[in-house]
Amino acid sequence: MDKAAQTMIDNLEKNTGKSLAEWIKIVQDTGLHKHGEILKYLKSDHNFTHGFANMVALKAKGTDAGSAENPEDLVVKQYKGKEQLQPIYEALVAQLKLLGTDVELAPKTAYVSVRSKKQFALIQPSTKTRLDVGINLKGREPEGRLENSGSFNAMCSHRVRLQNAEEIDAELIGWLKAAYEEAR
């Protein structure tokens, strides 16, 4: 487990008086199964922030990178039936790793979180023909293909839609680099 994840788990117990294992049992006892339902429950009934609710929901469902036997299996599942998007993902990951040695990829069930000290981007195969890149650039106005994230993902402020690897250009890398610098 990485240091940031352990800190969050430690802070959960410090802030709530209950351990992660206790929260997982509480969630499992509710009978809720959908991620969104668990988030809503933890936020409304227990005043969780989105980050803590998301972590507990992922752990309770066993769908976070730390719960998977092999995190790469999560990536394989994401691209099942969307194999034509895999080269875009691989090209993007290669560029992200050039940003710094502290860039970490954390696969989830539906996307891959990209972080340094905190998440600054995510990669998600949204349709069979499109890969979405969520970027956290708070305070930045949308411009051209850098659009507001809208309902795409609450953890990012912007989204860029990719349909081929050629769209991984200097403009996109510039936005990702700015988000990376803000996350350090």
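The values are calculated or read from the model by the stated rules, or taken from the named source; none is laboratory data. Nothing here was measured: the structure is a model prediction, and the numbers come from that model. Cβ placement follows ideal geometry from the backbone for every residue including glycine, while neighbour counts extend to all protein chains displayed. Accessible surface areas use protein heavy atoms only, side chains included; no ligands, DNA or RNA. Shrake-Rupley method; radii C 1.70, N 1.55, O 1.52, S 1.80 Å.
Suppose accessible area is computed on protein heavy atoms with a 1.4 Å probe; arrange H158, H46 from highest to lowest.
Values: H158 5, H46 65 Å².
Descending accessible area places them as H46, H158.
Order D102, D132, D73, most accessible first, counting only protein heavy atoms with a 1.4 angstrom probe.
Working: D102 55, D132 0, D73 75 Å².
Descending accessible area places them as D73, D102, D132.
What is the distance, in nm, between label points placed 7 Å from the Cα along the Cα-to-Cβ direction at E166 and at Q95?
Once both label points are built, they end up 1.4 nm from each other.
Hey, what angle do you get for helix 20-30 against the long axis of the chain, alpha-carbon based, 0 to 90 degrees rounded to 10?
80
Between K117 and K34, what FRET efficiency follows from the Cβ-Cβ distance if R0 is 35 Å, with the result rounded to 0.05? Write out the running numbers ahead of the final one.
On the way: r = 30 Å, r/R0 = 0.86.
The formula returns an efficiency of 0.70 here.
Ranked from the most accessible area to the least, with a 1.4 Å probe and all protein chains present, what is the order of K138, K118? Mind showing how you got there, number by number?
Values: K138 140, K118 115 Å².
Largest accessible area first, the list is K138, K118.
What residue among I168, S116, A154 has its Cα farthest toward the positive end of the dipole of region 88-168, where the charges are +1 on Lys, Arg and -1 on Asp, Glu, each on the Cβ?
Farthest towards the positive end: A154.
Could you state how much accessible area M155 has, in square angstrom rounded to the nearest 10, with a 1.4 Å probe and all protein chains kept in place?
Roughly 60 Å² of M155 is accessible to a 1.4 Å probe.
Can you match log10 I(q)/I(0) by the Debye sum over Cα atoms at q = 0.10, 0.11, 0.18, 0.19 Å⁻¹ to one of these, [x] -0.40, -0.49, -1.36, -1.50; [y] -0.36, -0.44, -1.23, -1.36; [z] -0.41, -0.50, -1.26, -1.36, based on a calculation from the structure here?
Computed from the coordinates, log10 I(q)/I(0) by the Debye sum over Cα atoms at q = 0.10, 0.11, 0.18, 0.19 Å⁻¹ corresponds to [z].
Would you mind calculating the relative contact order of region 71-182 from Cα pairs under 8 angstrom and at least 6 residues apart, reporting the percent as a whole number? Please list the in-between numbers first.
On the way: 185 pairs, mean separation 27.8, N = 112.
Relative CO of region 71-182 lands at 25 percent.
Mind putting a number on the dipole of the chain about its Cα centre? Charges go on the C-beta only, +1 for Lys and Arg and -1 for Asp and Glu, and I need it in Debye to the nearest 20.
Numbers: 26 positive and 25 negative charges, 81 e Å.
The dipole magnitude comes to about 380 debye.
Pull out a ≥ b ≥ c, the square roots of the eigenvalues of the alpha-carbon gyration tensor of region 134-184, then state rounded if a/c is under 1.5, prolate if not and a/b is larger than b/c, and oblate in the remaining case. Present the calculation step by step, with values, prior to reporting the outcome.
Numbers: a/c = 1.72, a/b = 1.16, b/c = 1.48.
Oblate is the answer for region 134-184, as a/c is 1.5 or above yet b/c matches or exceeds a/b.
Run the accessible area of the chain with a 1.4 Å probe and give the carbon-and-sulfur part as a rounded percent.
Numbers: 5030 of 9890 Å².
Here carbon and sulfur together make up 51 percent of the probe-accessible area.
Suppose all protein chains stay in the model; what accessible area per residue would a 1.4 Å probe give for the chain, in Å²? Write down the numbers at each step before the final one.
Details: 9890 Å² over 184 residues.
Value returned for the chain: 54 Å² of accessible area per residue.
List the pairs from K82/K138; K40/K82; K59/K80; K108/K138; K3/K108; K61/K117 whose alpha-carbon separation is above 19 Å, in the order I gave them.
Numbers: K82/K138 30 Å; K40/K82 30 Å; K59/K80 23 Å; K108/K138 23 Å; K3/K108 17 Å; K61/K117 25 Å.
Correct reply: K82/K138; K40/K82; K59/K80; K108/K138; K61/K117.
At 1.4 Å probe size, with no ligands or nucleic acids counted, give the accessible surface of D29 in Å², nearest ten.
Ignoring ligands and nucleic acids, D29 comes out at about 110 Å².
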